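**Q** Got a structure here, written out as structure tokens. Questions coming.
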Amino acid sequence: MALPSTDRIKEILLKEAKSAAEGFLTSGENVNLSSFDFKREFEEIVGPGIEVVGSEFNYSCVLEYDAEANENILNLIFSRFPGFDESELPEIDILDALGEFLNILCGKINLCLEKDCPDLNIEVPYFVYGLEPKEDNKDKVLSFSLSSTELAFNLYFYWS
Amino acid sequence: MTRILIVDDSATQRVILKAIILNYFKNGGSDCEVTECSDGAQAMKALEGSQYSLVFSDINMEPVSGIDLLIKSKEKVGEIPFVFVSSHLTSTMQEKAVELGAKHYVTKPLLQEKIEPILKEFF
């Protein structure tokens, strides 16, 4: 089994994160995605996260967002469905909504990696307080800025 | 009245799918009752208690997966058309779904253009 290189992971993420965001977070093809140098403390990063576990390759994704924009994010996700009943909005929490985005993103990533890593399993999303890359894998962290006219996130991806 | 069951452990996905379904029936001038369940075990009880024309089910759920739900529902209440929705459909899962008799499988994100053609096929 050939494990994916850093360049391959970056290439997949740049393609699939944009596609997942355009399909789930916004209604238009107006999402910008670019990588940026990671210079922050791991402990500072908080947000919905998800782990994907396989026998040879594991990875995690964390989506950092502005907590004050909760309602705006949920409105963006649901406003394009004409049958949506706004009274249901309070029933939906931001972790579930953004966790689903991460779920969709990881599904797309796993399909790209299916030949090399066929046994990847997506775990249940949870709220992450600080990234936790393993000690010997601290260089295996990629960070992306994900934005459109309506929203902005930082996406972190690390693997072992 | 048409009755459709949605099974997904994500409230977000249930609300989106319900909105698409209700909008489809509203535009067609007919009524539809949608029941939501957050896991396969709850869905099995719903299927035993009422008759449904169509089931949209996620696959990866605890403690009863969408695949297990389809198998159990066949045993206990007979054939009901199933449509699987999932964020990660490997070719193995797709083969398994077809082998078990699922009518369709849809990859998330759930969008009107993916769901409405399926609804048209049944209603």
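The values are calculated or read from the model by the stated rules, or taken from the named source; none is laboratory data. If you're wondering where the values come from, they're calculated on a predicted model, not measured in any experiment. With ideal geometry, Cβ positions are generated from the backbone for all residues, glycine too; neighbour counts draw on all protein chains shown.
**Q** When you scan segment B:51-65, do you find a residue that is modelled with pLDDT under 95, within 21 Å of A:I104 (Cβ to Cβ) and away from chain A (no Cβ under 12 Å), even just one?
**A** Yes, some residue in segment B:51-65 is modelled with pLDDT under 95, within 21 Å of A:I104 (Cβ to Cβ) and away from chain A (no Cβ under 12 Å).
**Q** For segment A:1-56, how many residues meet the condition of being of a type in the set (G, A, S), within 25 Å of B:P109 (Cβ to Cβ) and part of a loop (DSSP other than H, G, I, E, B)?
**A** 3
Rundown of residues vs (1) more than 17 Å from B:H88 (Cα to Cα); (2) touching a helix residue (DSSP H, G or I) at 6+ places or on another chain (Cβ under 6 Å); (3) small (G, A, S), yes/no style:
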{"site": "A:A20", "(1), (2), (3)": "no, yes, yes"}
{"site": "A:E44", "(1), (2), (3)": "yes, no, no"}
{"site": "A:E56", "(1), (2), (3)": "yes, no, no"}
{"site": "A:F78", "(1), (2), (3)": "yes, no, no"}
{"site": "A:E88", "(1), (2), (3)": "yes, yes, no"}
{"site": "A:I92", "(1), (2), (3)": "yes, yes, no"}
{"site": "A:L98", "(1), (2), (3)": "no, no, no"}
{"site": "A:I109", "(1), (2), (3)": "no, yes, no"}
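**Q** So if I check each of B:E48, B:E75, B:E79, which one is among the acidic types (D, E) and in contact with a Gly (Cβ under 9 Å, 6 or more places away or on another chain)?
**A** Result of the check over B:E48, B:E75, B:E79: B:E79.
**Q** Among (1) under 20 Å from A:G23 (Cα atoms); (2) among the acidic types (D, E); (3) in contact with a strand residue (DSSP E or B) (Cβ under 8 Å, 6 or more places away or on another chain), there is one condition B:E113 misses while meeting the rest; what is its number?
**A** (3)
**Q** Please work out which residue is farthest from the other protein chains (Cβ to nearest Cβ), limiting yourself to segment A:64-74 and to residues that are surrounded by 15 or more Cβ atoms within 10 Å (Cβ to Cβ) and more than 13 Å from the chain's Cα centre (by Cα).
**A** Filtering first and then ranking leaves A:A69.
**Q** From the list A:I104, A:I109, which one is under 23 Å from B:S38 (Cα atoms) and within 12 Å of chain B (Cβ to nearest Cβ)?
**A** The unique qualifying residue is A:I104.
**Q** Among the residues in segment B:74-84, are any β-branched (V, I, T), buried (at least 20 other Cβ atoms within 10 Å of the Cβ), under 10 Å from the mean Cα position of the chain (by Cα) and within 14 Å of chain A (Cβ to nearest Cβ)?
**A** no
**Q** Can you tell me which of B:K26, B:K45 is surrounded by fewer than 16 Cβ atoms within 10 Å (Cβ to Cβ), assigned to a helix (DSSP H, G or I), without any contact (Cβ under 8 Å) to a residue 40 or more places away in the chain and away from chain A (no Cβ under 14 Å)?
**A** B:K45
**Q** Taking A:D96 as the residue in question, decide whether it is at pLDDT 90 or above, more than 21 Å from A:L13 (Cα to Cα) and within 9 Å of another protein chain (Cβ to nearest Cβ).
**A** Yes; evaluated as a whole, the condition is true for this residue.
**Q** Please specify each residue of segment B:3-23 satisfying the condition of being acidic (D, E) and either at the interface with chain A (Cβ under 9 Å from one of its Cβ atoms) or in a helix (DSSP H, G or I) (or both).
**A** Answer for segment B:3-23, where residues must be acidic (D, E) and either at the interface with chain A (Cβ under 9 Å from one of its Cβ atoms) or in a helix (DSSP H, G or I) (or both): just B:D9.
**Q** Identify all residues within segment A:75-117 that are touching a residue at least 24 places away in the same chain (Cβ under 8 Å), surrounded by fewer than 20 Cβ atoms within 10 Å (Cβ to Cβ), more than 20 Å from B:I21 (Cβ to Cβ) and not aliphatic (A, V, I, L, M); write none if there are none.
**A** A:C112, A:D116
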